[in-house]
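Reviewing the structure listed below.
The values are calculated or read from the model by the stated rules, or taken from the named source; none is laboratory data. Bear in mind the structure is a predicted one, so any value in this text is a computation, not a measurement. All Cβ positions, glycine included, derive from the backbone under ideal geometry; neighbour counts span all protein chains shown.
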Amino acid sequence: MFRDQSRLIERIHRLLDILLTVAAFGAAYFIKRDLLPESFRGLISAPNYHVVLLLIIIIWYVVFKLFGFYTSFRGQNLRKIFWNMIKAVFISFLLLSFLLYLLKITHVSRMMMAIFLTLNILFLGISKGFVYKMLAHFRGKGFNFRNILIVGSREGAKEIIGAIGDRQDAGYRILGCLEVDERRVGETVENSVKVIDTVESMETILLREVVDELIFAIPLHMIKDVEKYISMAENVGVAVRILPQWHIRQLGYTPNIGSLHFETFLGIPSMAITSTPNDDGSLLIKSFFDYLFAIVAMVICLPIFGVTAIVIKLCSKGPVFFKQERLGLNGRRFMLYKFRTMHANADEGQKGLAGMNEADGPVFKIKKDPRIIPYIGTFLRKTGMDELPQLINVLKGEMSIVGPRPPIPSEVGKYDNWQRRRLSMKPGLTCLWQIAPCRNDVCFEEWMNLDLQYIDTWSLGLDFKILIKTPWSVLTGEGR
């Protein structure tokens, strides 16, 4: 998933702009030297155009950065992006001309520089237009959407709703507004967005719906016990954004779990509290690695898939794959794939085995489950190889390679609020619990604490450490 203001995206964006600028300069050089009509063609040996190109790289890099050229496209329109790009190029060109004068670098071909200026704007414009349209296309197809719940229904809320309505390609969906006055429930605020309930129902909505972000668009002093609601969202892993009345200073509220930072939301200044990792560059690397790892692993494991499918079919009637609804990022529902290790319709027999459950909390586990297919089912579960088809879920963007295991919806319904925060990161094939010694004997609360520890201390290094230890867990056959 793409994240706003990603440091890695910014670095790639800068590198692409510089490469396109170098390409425009090189093309202008060869056009002037070799391709123009004979009366305009040719370049003298002086000045040294390598020095001119070096000055261009330095000036363009600095000016583009100062112009805020690398903020997320999610909050901007294409006209503004193009206009900022044109202004930045012309200012860079003026600075270059001034530097050439100061350094007494003379005889630079004006025609070549005019061609360079034209090509530079053209190349950068095509690049940004393509990236912008591509991102808008993916958002229009329903990818990379963030679900927004707004507290308030007056001017601040209307401003947010209007900004999102004007930028439907920005990747936001509004679930509705909450109000302090129950008499306003059911009213239309703006653009068909309604007041769906009061703030007192926030907990129920956060637990029931897929909410990625909670926006307070009302003066905080108007909400009784407002710190309770901010803390509630923080505890379940929902990002909080506060429009700039800044009354949070009067509360003396400091996040217990999350980090607090200031940013713009579709051009509107806001304060955000996030209780998930905020290292966007590393998260993008993690996402890229997920897809790369899944593709390579799928190719390598194709023979294993084939052999396993044949053995399952020989040992038990029914499908090769077992599909089950699970909850992913912030409660998004998806179908999880596994190799079938139990007899067909095993779920229907679980109620009769409820008294044999050996796990505490809402999960269900039995050491010697009678529903398991002899030999192949036991082998797949002990080694964890039954999880291999979840590489398909990774390729679909529903799971990550490393992350908290995806729970069943009925289990999540029995969670305490603090335990729901484990849904604030994309679920994974392996995690801290997966590599814990005697993991099936770990109590439910300790399991939840391991998942939250992973979220709170996440880094690429931690993911690598878990990946390195996972094969040992598979080889020792600690699964159940």
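Quick one: how many residues across the range 204-233 are within 23 Å of P277 (Cα to Cα), within 24 Å of the chain's Cα centre (by Cα) and surrounded by fewer than 22 Cβ atoms within 10 Å (Cβ to Cβ)? Step through it out loud before you land on a result.
First pass over the range 204-233, keeping only residues within 23 Å of P277 (Cα to Cα): 206-207, 209-216, 227-233.
This time we only want the ones that are within 24 Å of the chain's Cα centre (by Cα), so: 206-207, 209-216, 230-233.
Of the ones still in play, those that are also surrounded by fewer than 22 Cβ atoms within 10 Å (Cβ to Cβ) are 207, 209-210, 212-213, 231-232.
Of the residues in the range 204-233, 7 are within 23 Å of P277 (Cα to Cα), within 24 Å of the chain's Cα centre (by Cα) and surrounded by fewer than 22 Cβ atoms within 10 Å (Cβ to Cβ).
Across the range 266-302, which residue is modelled with the lowest pLDDT among those that are of a type in the set (S, T, Y) and under 18 Å from G428 (Cα atoms)? Ranking the qualifying residues of the range 266-302, first place goes to T276. When the range 101-117 is filtered for residues that are in a helix (DSSP H, G or I) and in contact (Cβ under 8 Å) with a residue 12 or more places away in the chain, the ones remaining, listed by number, are M111, M112, M113, I115, F116, L117. Scanning the range 30-56 for residues that are touching a Phe, Trp or Tyr at 6+ places or on another chain (Cβ under 9 Å) and either within 23 Å of K87 (Cα to Cα) or of a type in the set (D, E) (or both) yields V52, L53, I56.
Quick test for you: out of F293, F288, pick the one residue that is part of a helix (DSSP H, G or I), free of Cβ contacts under 8 Å to residues at least 60 places away in the same chain, under 31 Å from the mean Cα position of the chain (by Cα) and within 30 Å of S275 (Cβ to Cβ). Steps first, answer last, please.
Values: F293 fails: free of Cβ contacts under 8 Å to residues at least 60 places away in the same chain.
Going through F293, F288 in turn, just one is part of a helix (DSSP H, G or I), free of Cβ contacts under 8 Å to residues at least 60 places away in the same chain, under 31 Å from the mean Cα position of the chain (by Cα) and within 30 Å of S275 (Cβ to Cβ): F288.
Taking each residue of the range 40-67 that is free of Cβ contacts under 8 Å to residues at least 40 places away in the same chain and looking for partners that are among the charged types (D, E, K, R) and crowded, with 17+ Cβ neighbours inside 10 Å with beta-carbon atoms closer than 9 Å, six or more apart or interchain, yields R41/K32; G42/K32.
Is it the case that K87 is closer than 26 Å to K133 by Cα, in a helix (DSSP H, G or I), in the same structural domain as R110 (by TED's automatic domain parsing) and charged (D, E, K, R)? Quick ask: steps written out before the conclusion?
Details: closer than 26 Å to K133 by Cα: yes; in a helix (DSSP H, G or I): yes; in the same structural domain as R110 (by TED's automatic domain parsing): yes; charged (D, E, K, R): yes.
So K87 fits the description; yes.
Is it the case that I468 is assigned by TED's automatic domain parsing to the domain that holds T308, under 19 Å from A294 (Cβ atoms) and at pLDDT 90 or above? Don't jump to the end; show me each part of the working.
Details: assigned by TED's automatic domain parsing to the domain that holds T308: yes; under 19 Å from A294 (Cβ atoms): yes; at pLDDT 90 or above: yes.
Yes.
Can you pull out the residues in the range 385-444 that are among the aliphatic types (A, V, I, L, M), part of a loop (DSSP other than H, G, I, E, B) and without any contact (Cβ under 8 Å) to a residue 40 or more places away in the chain? Steps first, please.
Just the residues of the range 385-444 that are among the aliphatic types (A, V, I, L, M), to begin with: 385, 388, 391-392, 394-395, 399, 401-402, 408, 412, 423, 425, 429, 432, 435-436, 442.
Still in the running and part of a loop (DSSP other than H, G, I, E, B): 388, 399, 408, 425, 436, 442.
Answer for the range 385-444, where residues must be among the aliphatic types (A, V, I, L, M), part of a loop (DSSP other than H, G, I, E, B) and without any contact (Cβ under 8 Å) to a residue 40 or more places away in the chain: A436, V442.
If you go through the range 353-404 and keep only what is touching a Cys at 6+ places or on another chain (Cβ under 8 Å), surrounded by fewer than 19 Cβ atoms within 10 Å (Cβ to Cβ) and at pLDDT 70 or above, you end up with P374, Y375.
Go through the residues of the range 414-426 one by one and say whether even a single one is acidic (D, E) and under 24 Å from N235 (Cβ atoms). Yes; the residues of the range 414-426 include at least one that is acidic (D, E) and under 24 Å from N235 (Cβ atoms). For the range 430-450, the tally of residues that are surrounded by 20 or more Cβ atoms within 10 Å (Cβ to Cβ) and over 28 Å from I273 (Cα atoms) stands at 2.
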